[in-house]
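Below is one structure, written out as structure tokens; the observations come after it.
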Amino acid sequence: MIVQTALLIGLVLFSVLALFLEDLIRAAISLALASLLLGIIFFRMGAPYAGVFEISVVAGLITVLFILTIALTNAGKEVRESKLANLAFPLFFVIFIAIDAFVMKGLLQKIPSLPAAAESGTFGDVLWKGRTLDLVGQIAVILAGVFSVLALFRKRDKHD
Amino acid sequence: MTNAWFLYLFFSLGLIGAGIYALLAKRNLIRLFIGIEVIGKGVSLLLLATGFARGNVLLAQALVVTYIVIEVSVVATALALIINVYQHTKSLDIRKLAKLKG
């Protein structure tokens, strides 16, 4: 439990760094590190497939896409962020975490766990047999993503 | 629900709170999108933690895998949109989008 808590603290820390580091490349790398920690947490919870997807796809592919975009857009150096918002964040976050902890302490043991049927079979059974419709939806979403990227980067006609 | 579940709920709410603050306070489009990613991380952590606490890890895992696949598609489309916005306005400032014409 101590290791898991340390991993969760690291996850929140790197996520906050990703949001508030000045340099966007460093922010993207922090986000990748947060994904790596989340993947390890998934592994430790007994969900190896989700962990593998999180580490390979989110920490790998999405970071590459982010860094590519940052390189292509000059990192938005001309954008002037509000200094007040950056200064106010630690205060907001500390108050938010305090309220969060207070509410969690009050709720402890008060939320009933609804009865659930015990699971049987393997991950493959659940994914391919139980959630078949999800897979069709995933294929549709991936195709929609491919077509939208193609549409956004198509060559412009002369009269455009 | 078990005590461990409240620990996960606490941390995932922390992630979601930080992400929402960034969405409200930041002006750089890429930074806003990183905020959305952080919120997504919090939600997927909560999904899997709930499955873990109730002994339904396999189903929660299937949902998280579905979410990750969809996330990739969303990221690709959103970053393509951001690059297009940059080509049109030469800026990543969210406030300039309010002044677009035509």
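For the stretch B:21-38, which residues satisfy the criterion of being under 13 Å from the mean Cα position of the chain (by Cα) and surrounded by fewer than 20 Cβ atoms within 10 Å (Cβ to Cβ)?
Kept after step one, since they are under 13 Å from the mean Cα position of the chain (by Cα), are these residues of the stretch B:21-38: B:21-23, B:30-38.
If the condition is that a residue be under 13 Å from the mean Cα position of the chain (by Cα) and surrounded by fewer than 20 Cβ atoms within 10 Å (Cβ to Cβ), then B:23, B:36 are the ones that fit.
The residue of the stretch B:39-48 that is surrounded by the fewest Cβ atoms within 10 Å (Cβ to Cβ), among those that are more than 7 Å from chain A (Cβ to nearest Cβ) and of a type in the set (A, V, I, L, M), is B:43. In the stretch A:10-18, the condition of being at the interface with another protein chain (Cβ under 7 Å from one of its Cβ atoms), in contact (Cβ under 8 Å) with a residue 60 or more places away in the chain and either crowded, with 20+ Cβ neighbours inside 10 Å or polar (S, T, N, Q) (or both) is met by at least one residue.
Of all residues in the stretch A:30-46, exactly one satisfies the criterion of being more than 16 Å from the chain's Cα centre (by Cα) and crowded, with 19+ Cβ neighbours inside 10 Å, namely A:45.
Collect the residues in the stretch B:1-16 that are within 8 Å of chain A (Cβ to nearest Cβ), among the small types (Gly, Ala, Ser) and surrounded by 22 or more Cβ atoms within 10 Å (Cβ to Cβ), keeping them in residue-number order. The one that is within 8 Å of chain A (Cβ to nearest Cβ), among the small types (Gly, Ala, Ser) and surrounded by 22 or more Cβ atoms within 10 Å (Cβ to Cβ): B:14.
When A:27, A:85, A:101 are checked against the criterion of being over 30 Å from residue B:62 (Cβ atoms), facing another protein chain (nearest Cβ under 7 Å), under 16 Å from the mean Cα position of the chain (by Cα) and without any contact (Cβ under 8 Å) to a residue 60 or more places away in the chain, a single residue qualifies: A:27.
Inside the stretch B:62-102, can you point out the residues that are over 19 Å from residue B:32 (Cα atoms), within 18 Å of the chain's Cα centre (by Cα) and not aliphatic (A, V, I, L, M)? Answer for the stretch B:62-102, where residues must be over 19 Å from residue B:32 (Cα atoms), within 18 Å of the chain's Cα centre (by Cα) and not aliphatic (A, V, I, L, M): B:66, B:67.
Looking across B:51, B:55, B:102, one residue alone is more than 22 Å from residue A:91 (Cα to Cα), crowded, with 21+ Cβ neighbours inside 10 Å and modelled with pLDDT under 90. It is B:51.
In summary, residue A:91 fulfils each of the numbered conditions (1) more than 9 Å from chain B (Cβ to nearest Cβ); (2) of a type in the set (A, V, I, L, M, F, W, C); (3) surrounded by 14 or more Cβ atoms within 10 Å (Cβ to Cβ) with the single exception of condition (3).
When residues in the stretch A:109-124 are screened for being surrounded by 12 or more Cβ atoms within 10 Å (Cβ to Cβ) and not small (Gly, Ala, Ser), 2 of them pass.
In the set (1) more than 7 Å from every other protein chain (Cβ to nearest Cβ); (2) surrounded by 14 or more Cβ atoms within 10 Å (Cβ to Cβ); (3) free of Cβ contacts under 8 Å to residues at least 40 places away in the same chain, residue A:64 fails one condition alone, (2).
Considering each of B:49, B:53 in turn, give the residue that is in a helix (DSSP H, G or I), touching a Ser or Thr at 6+ places or on another chain (Cβ under 6 Å) and within 29 Å of residue A:133 (Cβ to Cβ).
Working: B:49 fails: touching a Ser or Thr at 6+ places or on another chain (Cβ under 6 Å).
On inspection, the qualifying residue turns out to be B:53.
Only a single criterion out of (1) more than 28 Å from residue B:84 (Cα to Cα); (2) at the interface with another protein chain (Cβ under 8 Å from one of its Cβ atoms); (3) not polar (S, T, N, Q) is not satisfied by residue A:78, namely (1).
The values are calculated or read from the model by the stated rules, or taken from the named source; none is laboratory data. Keep in mind that what you see is a predicted model, and the values were worked out from it rather than measured. All Cβ positions, glycine included, derive from the backbone under ideal geometry; neighbour counts span all protein chains shown.
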